[in-house]
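To start, the structure under review is shown below, and the notes come after it.
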Amino acid sequence: MTEAADALVIGAGPAGLMAAEALMASGRRVVIAEAMPTPARKFLMAGKSGLNLTRDEPLADFAARIGDGTGDGATSDPRNYLQTDAGAFGPAEVRAWAEGLGIALFAGSTGRVFPVGMKASPLLRAWLARLRAGSVDLRTRWRWNGLGDGFQFQAPEGPRTVDPKVTVLALGGASWPRLGSDAAWVPMLTGAGVEITPFRPANMGFRVTWSDPMARFFGEAVKGVAIKAGTEVSRGEWVISRAGIEGGGIYAVAAAIRDGAEAVVDLAPDLKEAALAARFAQPRGKLSLGNWLRRVLGDPVKVALLLEWGGRSGDAAEWAARAKALPLRHEGPMGLDRAISSAGGITAAALTDVLELRALPGVFAAGEMLDWEAPTGGYLLTTCLATGLRAGQAAARRLP
């Protein structure tokens with residue numbers, strides 16, 4: 001069975017829903033096909049610990065954090081993905097859009113912007129209500145599985161084909177596949193001549209085989225330290241887990257570490273090395289090694305890391321030097337199944353300036369399908385929204 005449609009959007013995450021909203025504004029009938037039982041599952045999961053929607057920072061600073069996912073000097077600048085028909089769609093525009101849905105926002109002390117209620121679900125409900133009130137038909141459990149005379153799907157009612165005038169693909173990358181971003185679309189597009197860079201994990205943790213004494217610290221947060229990897233520095237918190245090290249402070253420098261930068265941990269970033277050495281020079285007396293180090297560093301988690309990665313002996317100067325540049329020892333990045341996002345995807349060379357696939361005229365792509373990379377903290381979500389808007393606007397202009 002084949003049906004015609006003005007516009008088809010495949011994928012109901014943030015990029016796909018934003019593309020549908022742009023197409024809806026043109027007054028055309030829009031069909032969204034989503035493989036999962038409910039839309040925007042990764043978006044909702046990200047909001048469980050507080051939906052970090054965007055940042056409270058100038059557009060130029062924000063755009064500078066969005067990079068090419070391959071690291072090989074792409075043919076176009078991924079930071080241009082924030083541009084739309086009306087100009088930039090950056091932090092200020094995302095805030096205005098969310099507030100237009102009735103969602104009150106606030107900026108935290110680090111510049112991260114959250115809904116007052118912290119959760120993603122109220123925003124998603126308001127967004128879906130606006131789309132349903134327009135000309136958008138959302139179909140769940142519709143899995144795209146073929147490209148030929150139209151777009152072929154396996155639907156609850158059996159095989160279906162949609163033959164649209166324009167299409168926006170927003171199927172996500174390859175991280176968190178259990179939530180729907182499984183990159184199953186890659187063979188279909190490569191078969192159609194679309195160039196795709198292989199996916200690799202981004203914003204991920206790193207595997208560590210801990211010694212037995214570290215088991216008591218599993219789940220503990222590492223606070224008040226700095227990680228230096230190449231030119232990148234992170235002061236954020238991270239967590240010691242059974243599998244290794246994870247969390248925002250790690251994700252901020254994950255790309256640099258993944259790409260080969262040596263990482264060191266400064267356990268006392270607010271102290272000069274000489275001042276720290278003076279603390280280590282204080283008499284130990286009858287204190288055990290652990291208690292003595294705890295007196296100097298003030299935190300048992302820091303002590304555990306120092307003993308795990310730095311050894312158990314030395315004079316005051318050696319202890320201070322070690323604590324200021326403790327080698328972060330790991331066994332490589334965690335896989336895509338644990339990564340917050342992925343690098344890789346449809347190359348810049350495979351796209352026009354308005355995100356149309358050169359090999360498939362009338363078909364556009366958005367979100368994490370594209371080859372770009374950004375840290376967590378609002379950068380990922382804002383760029384997904386912006387690329388969805390840009391692709392949807394361009395698709396609407398292609399409609400006869």
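Kindly identify segment 312-400 as rounded, prolate or oblate by the Cα gyration tensor criterion: order the square roots of the eigenvalues as a ≥ b ≥ c, call it rounded if a/c is under 1.5, otherwise compare a/b with b/c, prolate if a/b is larger, else oblate. Note, shape of segment 312-400 comes out prolate.
Under the shape rule built on the C-alpha gyration tensor, where the axes satisfy a ≥ b ≥ c, segment 122-165 is prolate, since a/c reaches at least 1.5 and a/b is greater than b/c. Calculated mean residue ellipticity at 222 nm for the chain: -8500 deg cm²/dmol, from DSSP H runs with n ≥ 4 weighted as -39500 (n - 2.57), summed, divided by the residue count and rounded to 500. The stretch between Glu331 and Lys48 holds 99.0 nm of extra length on full extension. This uses 0.36 nm per residue minus the Cα-Cα distance.
Give, to the nearest whole percent, the P(r) tail of the chain beyond 36 angstrom, counting all Cα pairs. Every Cα pair in the chain considered, those over 36 Å come to 31 percent. Based on C-alpha pairs under 8 angstrom that are at least 6 apart in sequence, the chain has a relative contact order of 26 percent. Gaussian network model of the chain, Cα springs within a sub-10 Å range: biggest mean-square fluctuation belongs to which of Val296, Val162, Val222? Highest fluctuation of the listed residues: Val296.
Sites listed here are trypsin sites (Lys or Arg not before Pro) in segment 201-251 whose DSSP assignment is loop and whose Cβ has at most 12 other Cβ atoms within 10 Å: Arg242.
Which helices, taking whole DSSP H runs in the chain, have alpha carbons extending 20 angstrom or more along the helix axis plus mean Kyte-Doolittle at least 0.0? Correct list, ordered by number: 379-398.
Derived scalar couplings between HN and Hα for segment 177-185 equal x, 5, 9, x, 8, 10, 6, 5, 7 Hz in order, rounded to whole Hz, by the Karplus curve 6.51 cos²θ - 1.76 cosθ + 1.60 (θ = phi - 60°), x for Gly and Pro.
Amide H contacts under 5 Å for Ala12: Ala35, Ala40, restricted to partners 5 or more places along the chain or on a different chain, H placed in the peptide plane at 1.01 Å from N. In terms of its C-alpha gyration tensor, segment 141-195 has an oblate overall shape, because the principal axis ratio a/c (a ≥ b ≥ c, square roots of the eigenvalues) is not below 1.5 and a/b does not outweigh b/c. Here Arg130 and Glu195 are evaluated by their C-beta separation; at R0 = 41 Å the FRET efficiency comes out at 0.70.
Considering only the other residues whose Cβ falls under 11 Å of the Cβ of Arg207, what net charge follows from Lys and Arg at +1 and Asp and Glu at -1?
Surrounding charge for Arg207 is +1.
With R₀ fixed at 41 Å, the C-beta to C-beta distance from Ala281 to Ala64 puts the FRET efficiency at about 0.45.
Within the chain, DSSP assigns beta bridges of which about 65% are antiparallel (rounded to the nearest 5). Taking a point 7 Å from the Cα of Ala104 along the Cα-to-Cβ direction, the residues of segment 115-144 with backbone N closer than 19 Å to it are 115-127.
Taken together, the values in this text are just the output of simple stated rules run on the coordinates, not laboratory data. The shown structure was predicted, so the numbers you read here are calculated from the model rather than taken from an experiment. Backbone-built Cβ (ideal geometry, glycine too); neighbour counts: all protein chains shown.
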